[in-house]
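Data first, discussion second: the structure below is written as structure tokens.
The values are calculated or read from the model by the stated rules, or taken from the named source; none is laboratory data. Values in this document were obtained by computation on a predicted structure and should not be read as measured data. Note that we place each Cβ from the backbone using ideal geometry, even for glycine, and neighbour counts take in every protein chain shown.
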Amino acid sequence: MSKQLIIDSTKCTGCGLCQMACAIKNNRQCEPSLARIRIWREETRGIFIPMVCQQCENPPCAAACLMNVITKDPVTGLTIRKIDACIACRACQVACPFEASHYDYLREVVVNCDHCEGSPACVQYCPTGALQYGSLNEVLDNCRQAEALRRVCT
Amino acid sequence: MSQSRGYAGQILEVDLNNQAFHRTELTPEFCQDYLGGIGFNARIIYDAVPGGIDALSPDNVLVFGVGTMVGSTFPTASRTEVSSKSPMTGLFGTSNSGMFFGIQLKNAGFDALVVKGRTDKPVYLVIDNGDVSIHDAGRLWGKDSWETLDILKKQYPGCEAALIGPAGENLVRFACIENGYYDAWARTGLGAVMGSKNLKAIVVRGSLGITPDNVEKLIEVSWRARQLIESSPFFAPFKSYGSMNAAMPYGNFKALNAHNFSQGCLPDWKENFARPKVEELTYGHVACQSCIIACAHWVEIKEGKYKGLRMKDMEVTPTTSFGSGCGMSLEASVKAAEMSQRYGMDMVSAGGVMGMAIELFNRGIINADDVGYELAFGDDDAILHLMEDIAHRRGIGQVLAEGALRAAQQYKDGEASAMHVKGLEIPMIDPRGRTSTWSFGILTNIRGGDHLRCRNPIENLRYNENKHEFQKERFGFDQKMYDALDMPDSIKSQAIDLENDTTDIAIMSRWAEDLINLFNSLGVCIRPPVEHRIGPTILAEAYTAFTGIKITSTELMQSSERCWNLIKLFNLRAGEKPGDSKFPRRFYEQEVGGKKLDETQLQEVLRQYYVARGWDPLTGQPSGNTLRELRLNSAE
Amino acid sequence: MKNIIIIGNGAAGNSAAETIRRQNMDVPIVMIAREELPIYSACALPDCLSGWVNRNQLFIKQMQDYKRIGIITKFGYEISHIDIKQRLILIDKETVAFDRLILATGSRAIIPPVPGSNMAGNFVVKTISDIDQIMAYKPHQVLVVGSGNIGVEVAEALHMRGCHVTMVEVMDHILPRIFDKEPARRLSQMLLDHGITVLTREKVIGVSGGGRVEGATTDQRAINCDTIIWAAGVRQNVEIAQTAGVRIGKLGGIQVDSHMQTNLEGIYACGDCIESIDMLTGKPTLSLLWPNAKRQGEVAALNCLGQEVDYEGAVSMVVEDICGITAVSIGMTSAALDPQNTTILEGQTPNEYWRVLVQDDLIMGMQTIGITSGLGAVMTLMKKRTTLREFKQTVIDNNLIRKTAWYLPARRFLEV
């Protein structure tokens, strides 16, 4: 897969802007529970982990789907859905270990992250850089540069 | 999905006397006039709570008002205001807290929650996606707030909760309402009010969603606001070090509460509380809903006496209350914060009461027989023991639980040690060291002796110069900063004198109070980078984009001013006197850092402030004209 | 290789065909099936009965989708005979040759030999034609025999359509193969609260009526009804294969090895018609679930093409919607486990119920009501054979948990 959503949970402060951005982008509603990215809060340990569809090569959701709605896009490598064929049986939701299949109660179908067609809203909104979007090499390079800058300037 | 735009659209009233629920629809007029948050609270409480009632009686009303912008993309919009008649001051009691309670209550369908009456047996309230129910809290009563939250969060996964600990149950007068594990609606004793109603917790959980009126505009304004905040020179220091940024400067100014306001700064303050020491204990940052700053620190103590203690902490106000006010070590102040959270007590009042107790002990007015053990500044164990006693009203805790003023009145000449204004203990700032908008605000704050409602949006921590007989502080910034400040020119030119490089304390105080009150109505955070860069112009745009209600920046500020004046009327009706707006005698009589306050000069600044507000210059009573302009004449 | 023939057009057959095409665009594939229709979701049939799904929404493919990936379809044909030696299949008057054969013949619903069960008004729910017939019959008072997942779904569906529904189950609780007694009791109560009559420990012994169903008798009472839906079990479609010499197992399904190959060289089998191995117990099992059929079809196809792929075994995951509430059963039930050796972790909140079955510190099964999160994590832990001890050690470690964060939603069920 060319570009990936890369998450560094050590930078996540739990602000929830990613969830808000996703919900507003996809549903035009201010409602974090409609988001396809979620923050898992271990609040009594100060640990916050953004969780989103891992775009698995062999998705358990695709295997479980009772309408064969879910496939892999040969070009982008994303896990995609023929959403009109979804009957919201929730089998995919139950099968996914990352809680990546979300029930959209407004449209009554189950959805997963689709990288917002190449410009993920959550990445735009994230104030700490916990969410990044790019090829693994690109992102590692960004981290390397940021670290170098930090060392030079402090 | 609500039909309402921006607002959830309803206010929920819970009558504990007969376990009845009543839902009221919001009207556009009410929204325009009071906006939300503290605005809603003020109107509701003024109408429902008459002058003479006892704050701990069933007649008192407790209101949770979610800020209007909460639940939107607007940066830092997370705040909820809780208000009531205060058992500490007898005046309007109110407090503001962020995190996630507000967004859950709003998504559960309500912009405000009003709690009336009381039950005979302890209960907790559940508001779950529009459904409201009351449950027996027998198995929760007596448990500390962290234990209670563990149980409630298991029962209602994904919920947030406002709750009281043993201090609230025991009607400790300055008990707080906990907001989750690590935050609180702390000041003015709201926890005691909730305890007096036998209400242990309010559980909220919601996913109903809020529909913005204009999604594109809301997103655009939110990004603009975010860029403004991020471009403030106060942003980077706040992001990395949070509220603790004020700790060293105020120490240098000798303007800290040190050992119960007896010194301006402890001699070893820098050694024990400077940044490197604090950073040893902190691991990462935590944010409230929609916040881009994430000023809060995650603290873990990995060795020593309090090894294993971990929580979100290290805010300057409690750290100075315990660390400087009582002389505790840095680690012990974290422990004291933990206990305050678990027991549900306001850290500032607790620190203030204990500082006073130690001073009384040192003066020989109370002794080891009264307390049960020795007390001394810096004696961490004794102070923590005292905290336990206060939370559970044991021994001298029975007296101290009444707050500094009432406790001091039990002893001959005790009041000289009670550092309060209008019955509320003064937090970290010693105005003798620094007389500025921020410290002046302690006198005029509608909730009593507190510093959080009058901070100058363009406060300069580099200078500590007070000129022209207490009336001016140093501005210290350039033309660019002046131009960028979002204030109407007519007020700005009066508030700031570029030529003489001064800020007029009276005029800036009035503006700062209205601005902060506006933030507390809209649910936006008052941290320095936000207060500095966000003003009524962009907030009016955000408000209209979210709610669809058209409002100008002038009308927006006026609604905030309306709320402030209404609260003042409430306070006057509750018995506030002009003479109550004074500092403890000590500030006028004893020097700290070579300075003391001049009462006459301070009175003059107060008079100028009243004039700026359109209030009677002598009594501070809002004038007929002012009330008419604000359409508050029917309030009388 | 000249020709691959797939008998069957269900989940397994299509999964096999698609897998072959993903690897090889050239090898000829012929699919033979009884129904003259493209593949449809058999699982969604009750949803069609209830009106939640339109009839045309049931179809997963259109006929041109087969053509587009170069599959020759012979739909609407009965197979007369398979000649293993000559490697020929005789359908009607046509003969088709194969190099490799994949049997995906599925199963059929059976009506037990109860007197009167062949009258008009007796139905099963297995094919789209069954649905068409039931709708055309306009049922009012319905008796559903059997409370497996088909029975329960059909009972709910017809109730939603406005029918008066009674469900009869011979075992002592409903959904006996997938839920323990306690969760089944709760689900039963939900159905009762909704207006569906549920009778357990009761057996239908007769159907009465003059030419069409007018009533039924159980061993305890008489029941008024005009329609009977038999959800009393299925039989594997293995007759043709058996005649051709394919070995059938004790449970009634075609026996296959870990490569999905039958006892006959080059002949594979997958889906409802086979006996597979349970992933957790290693024992033979009939696992008649859509996701398992798809995976078996995939494995059969890969092995058919010459790649050696082992089948990891079947895992049961059943998701039900009962009165709008999601009920899930993963893995094994208490009935299938040794009670001496099994620990039950049970819990509830006002809207949720769960139980996890643990044996030797390993998760063997889970049943939930009103929950949709955390189940994927538990199922993955179950399949990976992660012990609870290891789970706990990882979860409490601040560094490890960031790397295996997916453990977290499972915490509250595993009491960690």
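Observations on the structure shown:
- For the stretch A:70-90, the set of residues classified as facing chain C (nearest Cβ under 9 Å) and within 19 Å of the chain's Cα centre (by Cα) consists of A:R90 only.
- The condition of being of a type in the set (D, E, K, R), at pLDDT 95 or above and part of a loop (DSSP other than H, G, I, E, B) holds for C:R201.
- Odd one out for B:G71, checked against (1) in contact (Cβ under 8 Å) with a residue 24 or more places away in the chain; (2) of a type outside the set (A, V, I, L, M); (3) surrounded by fewer than 24 Cβ atoms within 10 Å (Cβ to Cβ): (3)
- For C:G324, the conditions (1) at pLDDT below 95; (2) under 24 Å from C:S287 (Cα atoms) are fulfilled apart from (2).
- Across the stretch B:104-133, the qualifying residues are those that are among the polar types (S, T, N, Q) and outside any strand (DSSP E or B), and the one among them that is nearest to B:A48 (Cα to Cα) is B:T119.
- Test result for B:I429, of a type in the set (A, V, I, L, M, F, W, C) and over 16 Å from B:G355 (Cβ atoms): no
- All positions within the stretch A:132-154 that are surrounded by 14 or more Cβ atoms within 10 Å (Cβ to Cβ) and of a type in the set (V, I, T): A:V139
- Test: residue in the stretch B:277-285 that is basic (K, R), more than 23 Å from B:I458 (Cα to Cα) and out of contact with any strand residue (DSSP E or B) (no Cβ under 7 Å at 6 or more places or on another chain): yes
- Checking the stated criteria, C:L101 turns out to be in contact with a Phe, Trp or Tyr (Cβ under 8 Å, 6 or more places away or on another chain) and either assigned to a strand (DSSP E or B) or of a type outside the set (S, T, Y) (or both).
- Matching residues, the stretch A:10-24, being outside any loop (DSSP other than H, G, I, E, B) and either modelled with pLDDT under 95 or within 9 Å of chain B (Cβ to nearest Cβ) (or both): A:T10, A:K11, A:L17, A:M20, A:A21, A:A23, A:I24
- Each residue in the stretch C:387-402 was checked for being within 14 Å of chain A (Cβ to nearest Cβ) and in contact (Cβ under 8 Å) with a residue 24 or more places away in the chain, and 1 of them qualify.
- Of the listed requirements (1) of a type outside the set (D, E, K, R); (2) within 24 Å of the chain's Cα centre (by Cα); (3) in a helix (DSSP H, G or I), B:F261 misses just one: (3).
- From the options C:T285, C:T262, residue that is more than 28 Å from C:L191 (Cα to Cα), at pLDDT below 95 and not assigned by TED's automatic domain parsing to the domain that holds C:G148: C:T285
- For the stretch B:294-311, residues that are facing chain A (nearest Cβ under 8 Å) and part of a loop (DSSP other than H, G, I, E, B) total 1.
- Here is the figure for the stretch B:393-416: residues that are in contact (Cβ under 8 Å) with a residue 12 or more places away in the chain and touching a helix residue (DSSP H, G or I) at 6+ places or on another chain (Cβ under 6 Å) total 8.
- Restricting attention to the stretch C:34-72 and to residues that are loosely packed, with under 14 Cβ neighbours inside 10 Å and without any contact (Cβ under 8 Å) to a residue 40 or more places away in the chain, the residue that is farthest from the other protein chains (Cβ to nearest Cβ) turns out to be C:K67.
- Some residue of the stretch C:366-374 being in contact with a Cys (Cβ under 8 Å, 6 or more places away or on another chain), within 13 Å of chain A (Cβ to nearest Cβ) and free of Cβ contacts under 8 Å to residues at least 40 places away in the same chain: no
- Helices (runs of 4 or more DSSP H) contained entirely in the stretch B:144-231, each with at least 2 residues that are within 27 Å of B:R533 (Cβ to Cβ): B:215-230
- Filter result for C:Y268 (aromatic (F, W, Y), over 30 Å from A:Y105 (Cα atoms) and away from chain A (no Cβ under 14 Å)): yes
- Residues in the stretch A:91-118 that are within 14 Å of chain B (Cβ to nearest Cβ) and either over 29 Å from C:V315 (Cβ atoms) or surrounded by fewer than 21 Cβ atoms within 10 Å (Cβ to Cβ) (or both): A:Y103, A:D104, A:Y105, A:L106, A:R107, A:E108, A:C116.
- Qualifying position, being assigned to a loop (DSSP other than H, G, I, E, B) and of a type in the set (D, E, K, R), among A:R41, A:R36: A:R36
- Here C:G347 fulfils each of the conditions (1) under 26 Å from the mean Cα position of the chain (by Cα); (2) away from chain A (no Cβ under 13 Å) apart from (1).
- The one condition in (1) in contact (Cβ under 8 Å) with a residue 60 or more places away in the chain; (2) closer than 24 Å to C:S129 by Cβ; (3) outside any strand (DSSP E or B); (4) not β-branched (V, I, T) that C:R108 fails to fulfil: (3)
- The set of residues in the stretch A:25-67 that are more than 7 Å from every other protein chain (Cβ to nearest Cβ), hydrophobic (A, V, I, L, M, F, W, C) and more than 19 Å from B:L208 (Cβ to Cβ) comprises A:I37, A:I39, A:F48, A:V52, A:C53, A:C56, A:C61, A:A62, A:C65.
- The stretch B:398-419, subset surrounded by 24 or more Cβ atoms within 10 Å (Cβ to Cβ) and not aliphatic (A, V, I, L, M), residue farthest from B:G364 (Cα to Cα): B:G403
- Single residue of the stretch C:73-90 satisfying the filter (buried (at least 18 other Cβ atoms within 10 Å of the Cβ) and aliphatic (A, V, I, L, M)) that is nearest to C:G8 (Cα to Cα): C:I79
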